[in-house]
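Contents: one structure, followed by commentary.
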Amino acid sequence: RFRAAATYSNGYVYVIGGYDGTNYQNTVYYGRVNADGTISSWGTATNTLPANRGFVSAGAANGFLYAVGGYDGTNYQNTVYYARINPDGSPGTWTTNSNNIPTNRGQHTTVIANGYLYVMGGYDGTTYQSTVYYGLLDASTGAVGAFTTNATNVPASLSLHSSVIANGKVYVIGGYDDTNTVNTIYYATLNNDGSIGSWTTNATTLLGNRQMHSSFIVNGYIYAIGGYDGTTYQSTVWYASTARS
């Protein structure tokens, strides 16, 4: 799988959609994380996405999985799918959310925090984007409410970046700005009403340019793993402490 999305919930890792070198896919794989950090044998979910998706983003909250936007092999999409996670870790039947994101998006990021789902940047099939959308989650049904376009955009139009949440802030890391692969890090405060405040360009950057990398946060550290620097695919792992403020 390439151009797939991955997320974690309650002891299980999920890999959603992607491209197998020939076709875009709607498969969902899941594996239980063992106490020693290894992953158990992978299961193929009986309930696949309603449509093929690559360059899709994913998240999990309140016992539900989410798959947002993406590319179906012909067009970029604005659909949002969600499914309840069963006790055995498998996803239930996927539902097409009644509220789409306002425009088509792929190569974007999704994060979930404080009961809201956020969609940041990406590519709409024509233009690279800096917009940020957010919608309120219904914790009982899994549905996402109508999306709002945030008043402040990411400072640059970016795709193939990564995003994490830490200490009440959202971070947008690296990516491709329609001309170059970049090493910038932007961050902004999450407000109580779901909106995101003004963006700040972090004083320190990644140690090199990166797109198509992965990022996560654990124990107060942000990690950036692998990716492409504009010339060569990379295996480096970088990490930095998040400032608490």
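The values are calculated or read from the model by the stated rules, or taken from the named source; none is laboratory data. From a predicted model like this one, the values you see are computed outputs, not experimental measurements. Positions of Cβ are generated from backbone atoms using ideal geometry, with glycine treated the same way; all protein chains shown enter the neighbour counts. With ligands, DNA and RNA removed, areas are computed over all heavy atoms of the protein, side chains included. Shrake-Rupley method; radii C 1.70, N 1.55, O 1.52, S 1.80 Å.
The table that follows gives values for the structure above.
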| item | result |
| --- | --- |
| Virtual spin-label span in nm between Thr27 and Asn114, 7 Å along Cα→Cβ | 3.9 nm |
| Whole-percent carbon and sulfur share, accessible surface of segment 91-227, 1.4 Å | 46 percent |
| In order through segment 50-60: 3J(HN,Hα) via Karplus (6.51 cos²θ - 1.76 cosθ + 1.60), integer Hz, x for Gly, Pro | x, 8, 5, 8, x, 6, 8, 10, 9, x, 8 |
| Dipole magnitude (debye, nearest 20) for the chain, charges at Cβ of Lys, Arg, Asp, Glu | 200 debye |
| Mean shadow area of the chain, taken as a quarter of the surface of its Cα convex hull (nm²) | 12.9 nm² |
| Sites Tyr8 and Thr179 - FRET efficiency at Förster radius 51 Å, r taken between beta-carbons, to 0.05 | 0.95 |
| Accessible area per residue in Å² at 1.4 Å probe, computed on the chain | 45 Å² |
| Karplus 3J(HN,Hα) series, Hz, for segment 227-238 with 6.51 cos²θ - 1.76 cosθ + 1.60 (x for Gly, Pro) | x, 10, 9, x, 10, 9, 6, 10, 10, 5, 10, 10 |
| Mean separation of Cα contacts under 8 Å, 6 or more apart, over the residue count of segment 1-88: relative contact order % | 24 percent |
| Mean separation of Cα contacts under 8 Å (6+ apart) over length of the chain, as relative contact order % | 10 percent |
| Positive-end extreme of charge dipole, the chain - chosen from Ala58, Tyr123, Ile225 (charges on Cβ) | Ile225 |
| In Å², nearest 10: area of Arg84 left accessible to a 1.4 Å probe | 120 Å² |
| Built amide H within the under 5 Å cut-off of Gly92, gap 5+ | Arg84, Ile85, Asn86 |
| Most fluctuating residue given options Gly89, Gly121, Gly17, as computed from a GNM of the chain linking Cα atoms under 10 Å | Gly89 |
| Karplus (6.51, -1.76, 1.60) ³J(HN,Hα), θ = phi - 60°, over segment 175-183, in Hz, Gly and Pro reported as x | x, 10, 9, 5, 10, 9, 7, 10, 10 |
| Pairwise FRET efficiency - Thr95 versus Ala35, Cβ, R0 = 35 Å, nearest 0.05 | 0.60 |
